[in-house]
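Step one of this worksheet: look at the structure below.
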Amino acid sequence: MQRSKTPGLIHAQGLILTAVIGLLVAVPEASSRNFEEHEIKAAFLYSFAQFIKRVPKNPGGPTIPLNYCTVHEGPVENALKALIAARQAEGGTRRYTLLADWSDIEQCHFLFQGADSEKSDPVQLRPDESVITVGDSPGYVANGGIIEFQRQGARVKVYINLEIARAHGLKISSKLLKLATIYSPDDGEKVDD
């Protein structure tokens, strides 16, 4: 008897959703409650590392822990910090850094810029920087950010500016691309991939 294959979109969504739910459940006392929007965004942000690869600056050099940076502490940032701390207690190696300003961005792998921050416009990266910029302010990807969270009804949707990601040497898994909506800068619209 042959099994029927699960369509790619459902499979990709299932993998990412499983990763997000797994991360949320890993946080103490999380398994018995509903999750808030900021917790879901933090879990997505944390799980993106499984689906996005950066070009290493020093190939063959020592592996350094992933560093998640912010310039402001709000609900998403605090949920991310708690998630990283919970995973570190289990042996995880990811770090959270609150930046004073943009001058230290080279130490970051991910940079989250929340809409509730005064610095919510996407930081403009130099061509040699491969920081994964993520934000939740409207128009974040249209203004040069790589990933944008948007709330649509009861869901958090993910938008990706694939052109900017590729320009900075980022390789995004097809599993994440199938879940996301790809921003098209040519016509200023977001298109489903």
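The values are calculated or read from the model by the stated rules, or taken from the named source; none is laboratory data. Everything quoted here is computed from the prediction, not taken from an experiment.
For this structure, a couple of remarks:
- Matching residues in segment 62-97 - criterion: being small (Gly, Ala, Ser) and either part of a helix (DSSP H, G or I) or modelled with pLDDT under 90 (or both): ALA79, ALA82, ALA85, ALA86, ALA89, GLY91, GLY92
- Of the criteria (1) at pLDDT below 90; (2) assigned to a helix (DSSP H, G or I); (3) charged (D, E, K, R), which one LYS57 fails: (2)
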